[in-house]
């Protein structure tokens, strides 16, 4: 696999400088279904270049929070800013690379790996404009970055689950994303592919990308995560370095159904974080 993510438009980070805007700023966010709050008054910030895990069990509110960050679910109250712009006015979506749990692109159509990766560029092309040499080069770079150059002409449905996850990351890279939101990237992925995915995510972080991981448990990604938000009942119950699972929860193959929130307390607004400047 490629040693680094090369020739992509990454965040340009000048050492020692600070940005006036976070990648995400969430203030007193409430998200409700049929009038029933599922996320309840949550506030936090994600610094540009930070790798953050949103942790929690099923029903904790972590997936709802992810959908709110992406603008899929409206807020009943509160505010979300994306790279310094209120979510309702944010239009620079090519910067945001969403990596779902499973690859659905192509459906029953035998799309190739390269075709799926190239589809990440559609949103930033003008209508009916064909891909340029620069677009083709970006696809090549994205495939190399995730170690799938040799599978470019293969059908995506011939790949393993971990390889398909890497295709989705490459699709976001080809679209020039610098901010990634990944939904349970390790779900249903074998151990070897988990380590390959962890290496890809590590290189994204090393090259200045902002990465938000929605997880039950840190698992093999734990060494990459310096900060975790643990949700329970729609509230943040812990904000800090993620706690490693112990006992039965540390067993390989354990089906995690609860967050390791420890004895943390509900947290209100997180203090402002100074973040690197993006040119």
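Here, each number is a calculation from the coordinates, and none is a lab measurement. Fair warning: this is a prediction, and the values are worked out from it, not measured in the lab. No Cβ is skipped: glycine too gets one built from the backbone with ideal geometry, and neighbour counts run over all protein chains shown.
Here are the numbers for this structure:
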item	result
Distance (nanometres) between label positions extended 7 Å along Cα→Cβ at residue 122 and residue 43	4.0 nm
Ranked 33, 98, criterion: other C-beta atoms within 10 Å, fewest first	33, 98
Rounded to 5, the percent of DSSP beta bridges in the range 24-250 classed as antiparallel	55 percent
For the range 163-213 versus the range 51-99, the gap between their alpha-carbon centres in whole angstrom	18 Å
Cα extents of the range 24-250 along the three principal axes, largest first (Å)	46, 45, 34
